[in-house]
2 protein chains.
Amino acid sequence: MGTISKALEMLNYFSRKRPEIGLSEFVRLTGRDKATVHRHLVELEKNGFLEQHPASRAYRLGPAILRLTGVREASNPVRRILRPIVTGLAEQTGELAHASLLQGNVLSPVFHADPLAHGVQVHFDEAELLPLHATSSGLAVLAFAGPKLRKQILSADLQAFTANTIVDPDTLSMRIEEVRHSGFSYSDRAFDGEVTSQAAPIFDETSEVIGALSVAVPAVRAHEERLRTIATALTAAARSATRSLGGSYPEL
Amino acid sequence: MGTISKALEMLNYFSRKRPEIGLSEFVRLTGRDKATVHRHLVELEKNGFLEQHPASRAYRLGPAILRLTGVREASNPVRRILRPIVTGLAEQTGELAHASLLQGNVLSPVFHADPLAHGVQVHFDEAELLPLHATSSGLAVLAFAGPKLRKQILSADLQAFTANTIVDPDTLSMRIEEVRHSGFSYSDRAFDGEVTSQAAPIFDETSEVIGALSVAVPAVRAHEERLRTIATALTAAARSATRSLGGSYPEL
C-alpha cells in the first residue's frame with residue numbers, strides 16, 4: 001500500500017462511537033510504528049483533514065472535509081438532493097432510511113435518517129463502508145452496474161458476515177438477475193444478523209448507477225405487508241432521486 | 001513537502017468553477033511530472049477522495065468526503081448547527097453570509113448562504129481558503145486566538161491582495177486590539193477590491209475561538225447604516241452559534 005493510502009485509510013477509523021483517536025490508539029489500530037503514524041497524522045492535520053483537541057491532544061476529523069463537501073455539492077449536489085428524499089422515506093415508512101454512493105467496489109454512506117418511531121430501531125453507522133454482495137444496497141447497484149464491476153465481485157473471495165450472506169458466485173449471480181428484473185433488492189440478515197433491508201438503485205445524468213436508497217428494518221418487524229409497503233415507497237423515492245439528479249430510470 | 005501533502009493539496013484545485021480536472025490539467029497545475037501526478041490521482045481515487053467521470057475520464061471530488069462529513073457531523077455537528085444560523089443571517093441582512101473554521105493559519109469555509117436580494121451580489125467561492133490578515137473573518141479570529149497564532153501571523157511575510165490589505169505588523173496588531181474590544185471586525189476591500197465585510201468570532205465548548213461568521217457586501221452598497229444593521233445581526237448570530245456549539249461568549 002502506498003504512503004498516501006496508508007494516511008487516508010487512517011481517516012476511516014473514525015466513527016460515531018470513536019470520534020476522537022489519540023496517537024497511541026492510532027499506533028495500535030494501524031499496527032505501524034509510532035514515528036510513521038505520527039508523520040502521517042502531522043501531514044493530515046496540516047492539510048485540515050484532522051484537527052487536534054486543544055486539551056486532550058486527540059485527533060478528530062478536520063474542517064477541510066466540510067469545505068470539500070461544500071465544493072463538491074456546489075457542482076454535484078447529490079447530498080443536498082438526497083437529504084430530503086431520504087428524510088421523507090424514513091418518515092413515510094417509520095424505519096431507518098439511507099443513501100449510499102458507489103466508491104470503487106463498496107458503497108459509501110452519504111446520508112441517513114432515523115424516524116425513531118419504534119422502541120427497536122436499526123443502528124446505522126455512517127462510517128461503515130457497505131460491501132456489495134452482502135447488502136440490499138449492494139445488490140441493487142450490482143444489478144445495474146456494468147459487467148466489469150459485476151465480474152470483479154463474482155470472482156472475488158466473498159466474505160460471510162452472517163450465515164445468510166451469499167458467498168457462492170452462482171447464487172449471487174441469480175439474485176442479481178432477479179433484482180435486475182424487479183428493480184429492487186431484498187436482503188435478509190445477510191450483513192447484520194438482526195437486520196432486514198430493501199434497496200433500489202439511483203442513477204445520474206449519464207444513466208450510470210451511482211448508488212442506492214435503502215430502508216432497513218429490525219428482522220423481528222420484517223413482516224410481508226410492511227416490506228411491501230416499504231418497497232413501494234422505496235422505488236418511488238429512487239425514481240424521484242434519479243429524476244432530481246438529472247437521470248432517467250431504466251425500463252424494467 | 002511530503003507525498004501525503006502533495007496528494008491532499010491536489011484536492012484544493014477543485015472549485016465551483018473547476019468541478020472537474022483531467023490528468024494533463026493536473027500536470028499543468030501542479031508543475032509535477034505526469035507519472036507522479038497519475039500515481040497520486042490513482043491513490044486518491046482508490047480511497048474515494050476522487051472519482052472519475054465515466055466518459056471524459058476527468059476527476060472530481062469523490063464520495064468519501066461526503067461520508068467523512070457525515071461521521072464528523074455525527075459527533076461534532078458544526079455544519080448542521082451553523083447552517084440555519086448562516087441562512088437566517090443572510091435572509092435578515094439581505095447579503096451574503098458565511099461561516100468558516102480555523103484550519104492551521106487559514107480559515108476554511110464550511111457553509112455560505114446567498115439571499116440573491118440585490119442585482120449585485122458578492123460572489124463567494126467556498127473552495128478558497130481565507131487568509132487571516134486580509135479578511136474580516138480572519139481579524140475576528142486573530143483577536144480571540146492564543147498568542148502563538150497571533151505571533152505567527154504578525155511575524156510572517158504578509159501578502160497584499162489589494163492596496164487595502166494590511167501588511168504592516170504594527171498596524172495589524174492595532175487592528176486586532178480594536179477587534180478584541182469591539183467584538184467584531186470590519187474589512188474594507190482588503191481581500192477583494194470590490195467587497196467590504198464584517199465578521200464576529202465563534203467559540204466551541206472549550207471556549208477556544210474556532211472560526212467566524214461573516215457578512216460580505218459589495219463595497220458600492222457598504223453605507224454606514226447598512227453596516228451598523230449588519231453588525232448587530234452578526235454579533236447576535238455569533239452569540240447564538242456559540243451557544244449552540246456549547247461554548248460561552250467572552251466578556252468584552
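The values are calculated or read from the model by the stated rules, or taken from the named source; none is laboratory data. As the structure is a computational prediction, the values presented were derived from the model and not from experiment. All Cβ positions, glycine included, derive from the backbone under ideal geometry; neighbour counts span all protein chains shown. Side chains included, ligands, DNA and RNA excluded: accessible areas come from the protein's heavy atoms. Shrake-Rupley method; radii C 1.70, N 1.55, O 1.52, S 1.80 Å.
Before moving on, here are some points about what is shown:
- Considering (1) open to solvent by 10 Å² or more (accessible area, probe 1.4 Å); (2) in contact with a Gly (Cβ under 7 Å, 6 or more places away or on another chain), the lone condition that residue A:15 does not fulfil carries the number (2).
- Among the residues making up the stretch B:128-149, those that are open to solvent by less than 70 Å² (accessible area, probe 1.4 Å) and assigned to a helix (DSSP H, G or I) are B:136, B:137, B:138, B:139, B:140, B:141, B:142, B:143, B:144, B:149.
- Of the strands (runs of 3 or more DSSP E) entirely within the stretch B:1-119, those holding at least 3 residues that are assigned by TED's automatic domain parsing to the domain that holds residue B:159 occupy B:96-103, B:106-113.
- Scanning the stretch B:48-94 for residues that are within 16 Å of residue B:11 (Cα to Cα), of a type in the set (A, V, I, L, M, F, W, C) and open to solvent by 10 Å² or more (accessible area, probe 1.4 Å) returns a single hit, B:58.
- Test: residue in the stretch A:24-37 that is open to solvent by 40 Å² or more (accessible area, probe 1.4 Å) and at pLDDT below 95: no
- Residue A:111 within 15 Å of the chain's Cα centre (by Cα) and free of Cβ contacts under 8 Å to residues at least 40 places away in the same chain: yes
- Note on the stretch A:209-244: residues that are open to solvent by 30 Å² or more (accessible area, probe 1.4 Å) and within 14 Å of another protein chain (Cβ to nearest Cβ) total 1.
- The stretch B:236-251 residues that are assigned by TED's automatic domain parsing to the domain that holds residue B:185, paired with ones that are assigned to a helix (DSSP H, G or I) and among the small types (Gly, Ala, Ser) (beta carbon under 8 Å, 6 or more apart): B:237/B:88
- Candidates A:111, A:144, A:184, filtered to the one that is within 14 Å of residue A:209 (Cβ to Cβ), within 14 Å of chain B (Cβ to nearest Cβ) and among the aromatic types (Phe, Trp, Tyr): A:144
- Hits in the stretch B:29-65 - residues which are without any contact (Cβ under 8 Å) to a residue 24 or more places away in the chain, at the interface with another protein chain (Cβ under 7 Å from one of its Cβ atoms) and touching an Asp or Glu at 6+ places or on another chain (Cβ under 8 Å): B:47, B:54, B:62, B:63
- The one condition from (1) buried (at least 22 other Cβ atoms within 10 Å of the Cβ); (2) more than 14 Å from residue B:237 (Cα to Cα); (3) touching a strand residue (DSSP E or B) at 6+ places or on another chain (Cβ under 6 Å) that residue B:97 does not meet is (2).
- Residues of the stretch B:113-127 satisfying the condition of being among the β-branched types (Val, Ile, Thr) and open to solvent by less than 50 Å² (accessible area, probe 1.4 Å): B:122
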